[in-house]
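Asks: Dumping the structure here so I can ask a few things about it.
The values are calculated or read from the model by the stated rules, or taken from the named source; none is laboratory data. As the structure is a computational prediction, the values presented were derived from the model and not from experiment. Here the Cβ is made from the backbone with ideal geometry for all residues, glycine too, and neighbour counts use every protein chain on show.
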Amino acid sequence: MSRIGLLPIAIPPGTEVKVKGSEVVAKGSKGELSRRFHPAIAIALKDGCLVVTRPSDSKVHRSLHGLTRSLLANMVTGVSKGFEKVLEINGVGYRAQKSGDKVMLQVGYANTVEFSAPSGISITVEGTNRIHVAGIDKQAVGETAAKIRRIRPADSYKGKGIKYEGERLRLKPGKSGKIGKK
């Protein structure tokens, strides 16, 4: 039994959701999202809540049930509140700065790395070492943050690089073979 799929999705005030067969359109204060879902999963709007049901208990329908409910909840949350990921830059001389619609990253390479945000995603730089990635589509926000992090992932020996806010690095001790030699 899918525990996630059974939960109804409450629609907050100021958010409008339209269901047309297997296509759902959500409009809110932040913007509009639309998505087409698998036709076997039924989506209904009842008493200000979205309810997702499946036709049978087959493995495919069970997996689609929870997936559809999670994607719908992310759509409703995205158009009403939005999503944000924060990245931190650690290292001597490592910094980020906003230049127009691009972010210029100086992260230990010979040249600065330019990163331009895809449509629907806004990137802001706080100070010189914090990058905020925001938008209404959770998948696009996470993917953009991962692409920025991939430019220079945090090093496991010194901790230098780009990491998510709150990410804990386990630093390796490094070489220690010099002690035992005569």
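Asks: Here are K102, K138: which of them is more than 18 Å from R152 (Cβ to Cβ) and of a type in the set (K, R)?
Replies: On the way: K102 fails: more than 18 Å from R152 (Cβ to Cβ).
Of K102, K138, the one residue that is more than 18 Å from R152 (Cβ to Cβ) and of a type in the set (K, R) is K138.
Asks: Answer yes or no: is there a residue in region 150-168 that is over 14 Å from I89 (Cα atoms), exposed (fewer than 13 other Cβ atoms within 10 Å of the Cβ), of a type in the set (S, T, Y) and under 20 Å from the mean Cα position of the chain (by Cα).
Replies: No: zero hits.
Asks: Looking for something surrounded by fewer than 14 Cβ atoms within 10 Å (Cβ to Cβ), at positive phi and small (G, A, S) - is there at least one such residue anywhere in region 122-132?
Replies: Checking region 122-132: at least one residue is surrounded by fewer than 14 Cβ atoms within 10 Å (Cβ to Cβ), at positive phi and small (G, A, S).
Asks: A further question on this structure: In the list K85, K102, which residue meets the criterion of being surrounded by 13 or more Cβ atoms within 10 Å (Cβ to Cβ), closer than 30 Å to K27 by Cα and free of Cβ contacts under 8 Å to residues at least 60 places away in the same chain? Break it down into steps so the answer makes sense when it comes.
Replies: On the way: K85 fails: free of Cβ contacts under 8 Å to residues at least 60 places away in the same chain.
After ruling out the rest, the residue left standing is K102.
Asks: Also, quick follow-up: Kindly indicate whether G91 is in the same structural domain as P153 (by TED's automatic domain parsing) and under 22 Å from K147 (Cβ atoms). Reasoning before the result, please.
Replies: On the way: in the same structural domain as P153 (by TED's automatic domain parsing): yes; under 22 Å from K147 (Cβ atoms): yes.
Yes: the conditions hold for G91.
Asks: Answer with yes or no whether E114 is of a type in the set (D, E), out of contact with any His (no Cβ under 8 Å at 6 or more places or on another chain), closer than 30 Å to S34 by Cβ and not assigned by TED's automatic domain parsing to the domain that holds M75.
Replies: no
Asks: Would you mind finding the one in V25, V76 that is at pLDDT 95 or above, of a type in the set (V, I, T), surrounded by fewer than 18 Cβ atoms within 10 Å (Cβ to Cβ) and more than 30 Å from P153 (Cα to Cα)? Break it down stepwise before answering.
Replies: Working: V76 fails: surrounded by fewer than 18 Cβ atoms within 10 Å (Cβ to Cβ).
Criteria check complete, one pass: V25.
Asks: Yes or no: I123 closer than 26 Å to T15 by Cα, of a type in the set (A, V, I, L, M) and in contact (Cβ under 8 Å) with a residue 12 or more places away in the chain?
Replies: yes
Asks: Further question: Looking for something among the acidic types (D, E), not in a strand (DSSP E or B) and not assigned by TED's automatic domain parsing to the domain that holds A26 - is there at least one such residue anywhere in region 94-108?
Replies: Let us first name the residues in region 94-108 that are among the acidic types (D, E), namely 101.
Imposing the further condition that a residue be not in a strand (DSSP E or B) reduces the set to 101.
From what is left, the residues that are not assigned by TED's automatic domain parsing to the domain that holds A26 are 101.
So far as region 94-108 goes, yes, one or more of its residues are among the acidic types (D, E), not in a strand (DSSP E or B) and not assigned by TED's automatic domain parsing to the domain that holds A26.
For every residue, the table says whether it meets (1) within 19 Å of I136 (Cβ to Cβ); (2) aliphatic (A, V, I, L, M); (3) assigned by TED's automatic domain parsing to the domain that holds P8; (4) assigned to a strand (DSSP E or B).
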| position | (1), (2), (3), (4) |
| --- | --- |
| S29 | yes, no, yes, no |
| S34 | yes, no, yes, yes |
| L50 | yes, yes, yes, yes |
| S56 | no, no, yes, no |
| R62 | no, no, yes, no |
| L67 | no, yes, yes, no |
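Asks: Taking region 44-64, which residues are over 18 Å from S80 (Cβ atoms), surrounded by 15 or more Cβ atoms within 10 Å (Cβ to Cβ) and in contact with a strand residue (DSSP E or B) (Cβ under 7 Å, 6 or more places away or on another chain)?
Replies: V51, V52
Asks: Only one residue in T77, T68, T124, T144 is within 30 Å of I4 (Cβ to Cβ) and in contact with a His (Cβ under 8 Å, 6 or more places away or on another chain). Which one? Step through it out loud before you land on a result.
Replies: Details: T77 fails: in contact with a His (Cβ under 8 Å, 6 or more places away or on another chain); T124 fails: within 30 Å of I4 (Cβ to Cβ); T144 fails: in contact with a His (Cβ under 8 Å, 6 or more places away or on another chain).
Answer to the check: T68.
Asks: Any chance region 135-145 includes a residue that's farther than 29 Å from S80 by Cβ, surrounded by 13 or more Cβ atoms within 10 Å (Cβ to Cβ), at pLDDT 95 or above and assigned by TED's automatic domain parsing to the domain that holds Q97? Reasoning before the result, please.
Replies: Step one: of region 135-145, the residues farther than 29 Å from S80 by Cβ are none.
No, region 135-145 has no match at all.
Asks: Would you confirm, using the coordinates I've provided, whether K20 is of a type in the set (K, R) and within 24 Å of S122 (Cβ to Cβ)? Before you say what the answer is, go through the steps one by one.
Replies: Numbers: of a type in the set (K, R): yes; within 24 Å of S122 (Cβ to Cβ): no.
So K20 fails the test.
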